[in-house]
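Notes follow the structure.
The values are calculated or read from the model by the stated rules, or taken from the named source; none is laboratory data. On a predicted model such as this, the values are computed, not experimentally measured, just so you know. Note that each Cβ is placed from the backbone with ideal geometry, even for glycine, and that neighbours are counted across all protein chains shown.
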Amino acid sequence: MVNPKTIGPLKVDNPKSASERRHDLQVMVPVKHEVRKVEAFDATPSSGVQEIITADNSTFKYLRLTRIVLKDAAKAERSLGEEEAVYYVNRGTATLSVNDETHTLGKGDVLYIGINSNVHIATSDFCDVSEFKAVDCHTSYPVQLVRHTDIEGTELAATLGSRRPMSRRTVFKLVDQNVQANRLLFGDTFIAERGGVGSYPPHFHGPDGPHGLGDKAKEEIYHFRCETDIEGDVPYVLQNCALPEEKVNVYAHIFDETAINVTPTYHDTIAPPAVDFMFTWCLASYTEGHRDWSEIYNKPGYENEW
């Protein structure tokens, strides 16, 4: 198992609107000699509640992302209608209260909260919390707490990459079949060494394209944290943005505190030799209750590369 650790410096930026968060990346597609836009978002948090990915600034049908940063005993409230959410602590300690239940979460812990709930978030010192939300949900499930330490060393901590040492990583499936939910699957991934490869091999689980999975499809957000051991260098990873029908990989530069829509494309990730990275990932199933994490299409030739 690759042990979780804090990666990337603490950043708190000035507030931005959701439209300002959207920043399309442009990549050159080999062979085709055309420029492709890639849907990416500045996920750097600001004090208070900041919407990162919304229905208005993205093409996501179900998924949404919000960052919540509180300090000095500040509080925030969230109201869920036909929505379910997972709250993941990036840093600090957060206290979440819902339906007369109160839970204190530390770094890496997750709280699942179901539809038609009011959520109260507080901290005695500091917290940085990501809210990953799925809309258009219709079954009520109870509040469920998952502590990161509870799944470390279990089957929900999948260490992959035995065939390719540079791709060795542990995928912590924090919200999987251990949690009742309508659409959401969620977790974080930590890479074994700098210059490693994450989310390998190239795979796809979107609805469209020649290998689209239709009603078994899922859309997905990646949110990256990156750091380098070269002083003054700017850390980044290379994210595959090739479409399912393309035989040539297409890579975009993704920097620290960037979230990206990986749904339409193959997605594997490569880091330069000096860079360490981790990412949180969240999927929403197109069909409620159909939350099979393993339903994917690997790029031809990569079928046995896990």
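State the number of residues belonging to segment 77-104 that are under 29 Å from Pro9 (Cα atoms), in contact with a Gly (Cβ under 7 Å, 6 or more places away or on another chain) and in a strand (DSSP E or B).
Within segment 77-104, the first condition is being under 29 Å from Pro9 (Cα atoms), and the residues that meet it are 77-78, 85-97, 103-104.
With the extra rule that they be in contact with a Gly (Cβ under 7 Å, 6 or more places away or on another chain), the set shrinks to 89, 93.
From what's left, in a strand (DSSP E or B): 89.
Counting residues in segment 77-104 that are under 29 Å from Pro9 (Cα atoms), in contact with a Gly (Cβ under 7 Å, 6 or more places away or on another chain) and in a strand (DSSP E or B) gives 1.
Search segment 227-241 for residues being of a type in the set (A, V, I, L, M, F, W, C) and surrounded by fewer than 23 Cβ atoms within 10 Å (Cβ to Cβ), and hand back the single one that is farthest from the chain's Cα centre (by Cα). Lay out the reasoning, then the answer.
Keep residues of segment 227-241 that are of a type in the set (A, V, I, L, M, F, W, C), which gives 230, 234, 237-238, 241.
In the following step, the residues that additionally are surrounded by fewer than 23 Cβ atoms within 10 Å (Cβ to Cβ) were identified as 230, 234, 238.
Numbers: Ile230: 26, Val234: 21, Leu238: 16 Å.
So the residue we want is Ile230.
If we keep just the residues of segment 242-261 that are part of a strand (DSSP E or B) and among the small types (Gly, Ala, Ser), which is surrounded by the fewest Cβ atoms within 10 Å (Cβ to Cβ)? So that I can check it myself, show each step before the final result.
The first filter runs over segment 242-261 and keeps only residues part of a strand (DSSP E or B), leaving 251-255, 258-261.
Still in the running and among the small types (Gly, Ala, Ser): 252, 259.
Working: Ala252: 21, Ala259: 26.
In this case the residue turns out to be Ala252.
Any idea how many residues of segment 202-212 are farther than 15 Å from Glu246 by Cβ and either of a type in the set (Val, Ile, Thr) or surrounded by 20 or more Cβ atoms within 10 Å (Cβ to Cβ) (or both)?
Filtering segment 202-212 for residues farther than 15 Å from Glu246 by Cβ gives 205, 207.
When the remaining residues are screened for being either of a type in the set (Val, Ile, Thr) or surrounded by 20 or more Cβ atoms within 10 Å (Cβ to Cβ) (or both), the result is 205.
Of the residues in segment 202-212, 1 are farther than 15 Å from Glu246 by Cβ and either of a type in the set (Val, Ile, Thr) or surrounded by 20 or more Cβ atoms within 10 Å (Cβ to Cβ) (or both).
Just need a number here: residues in segment 27-42 that are in contact (Cβ under 8 Å) with a residue 60 or more places away in the chain, out of contact with any Ser or Thr (no Cβ under 6 Å at 6 or more places or on another chain) and within 15 Å of Ile260 (Cα to Cα).
6
Looking only at segment 2-37, filter to residues that are hydrophobic (A, V, I, L, M, F, W, C), within 20 Å of the chain's Cα centre (by Cα) and part of a loop (DSSP other than H, G, I, E, B); which one of those is nearest to Thr170 (Cα to Cα)? It would help to see each step written out before you state the result.
Initial filter on segment 2-37 (hydrophobic (A, V, I, L, M, F, W, C)): 2, 7, 10, 12, 18, 25, 27-29, 31, 35.
From what's left, within 20 Å of the chain's Cα centre (by Cα): 2, 7, 10, 12, 18, 25.
In the following step, the residues that additionally are part of a loop (DSSP other than H, G, I, E, B) were identified as 2, 7, 10, 12.
Values: Val2: 5, Ile7: 15, Leu10: 23, Val12: 28 Å.
Among residues in segment 2-37 that are hydrophobic (A, V, I, L, M, F, W, C), within 20 Å of the chain's Cα centre (by Cα) and part of a loop (DSSP other than H, G, I, E, B), the one nearest to Thr170 (Cα to Cα) is Val2.
Do the conditions hold for Glu219, that is, is it under 19 Å from the mean Cα position of the chain (by Cα) and surrounded by fewer than 21 Cβ atoms within 10 Å (Cβ to Cβ)? Explain how you work it out, then say what you get.
On the way: under 19 Å from the mean Cα position of the chain (by Cα): yes; surrounded by fewer than 21 Cβ atoms within 10 Å (Cβ to Cβ): no.
So Glu219 fails the test.
Restrict the check to segment 176-191 and report whether at least one residue is assigned to a loop (DSSP other than H, G, I, E, B), at pLDDT 95 or above and of a type in the set (A, V, I, L, M, F, W, C).
yes
Return a yes/no flag: does segment 45-62 have any residue that is charged (D, E, K, R), over 23 Å from Val237 (Cβ atoms), touching a residue at least 60 places away in the same chain (Cβ under 8 Å) and crowded, with 21+ Cβ neighbours inside 10 Å.
Taking segment 45-62 and keeping what is charged (D, E, K, R), we get 51, 56, 61.
This time we only want the ones that are over 23 Å from Val237 (Cβ atoms), so: 51, 56, 61.
If we keep only those that are touching a residue at least 60 places away in the same chain (Cβ under 8 Å) as well, we get 61.
Remaining after also requiring crowded, with 21+ Cβ neighbours inside 10 Å: none.
No, because not a single residue in segment 45-62 is charged (D, E, K, R), over 23 Å from Val237 (Cβ atoms), touching a residue at least 60 places away in the same chain (Cβ under 8 Å) and crowded, with 21+ Cβ neighbours inside 10 Å.
Identify all residues within segment 89-134 that are among the small types (Gly, Ala, Ser) and over 22 Å from the mean Cα position of the chain (by Cα); write none if there are none. Please lay out each step first, then the result.
Step one: list which residues in segment 89-134 are among the small types (Gly, Ala, Ser), which gives 92, 94, 97, 106, 108, 114, 117, 122, 124, 130, 134.
Within segment 89-134, Ser97, Ser117, Ala122, Ser124 meet the criteria.
Counting only residues that are in a strand (DSSP E or B) and either within 16 Å of Ser130 (Cβ to Cβ) or not aromatic (Phe, Trp, Tyr) (or both), how many does segment 192-228 have?
Quick first cut of segment 192-228, residues in a strand (DSSP E or B) only: 197-198, 203-204, 218-228.
Keeping just the survivors that are either within 16 Å of Ser130 (Cβ to Cβ) or not aromatic (Phe, Trp, Tyr) (or both) gives 197-198, 203, 218-228.
The qualifying residues number 14.
Given the conditions (1) of a type in the set (Gly, Ala, Ser); (2) under 25 Å from Glu219 (Cβ atoms); (3) crowded, with 21+ Cβ neighbours inside 10 Å, which single one is not true for Ser140?
(3)
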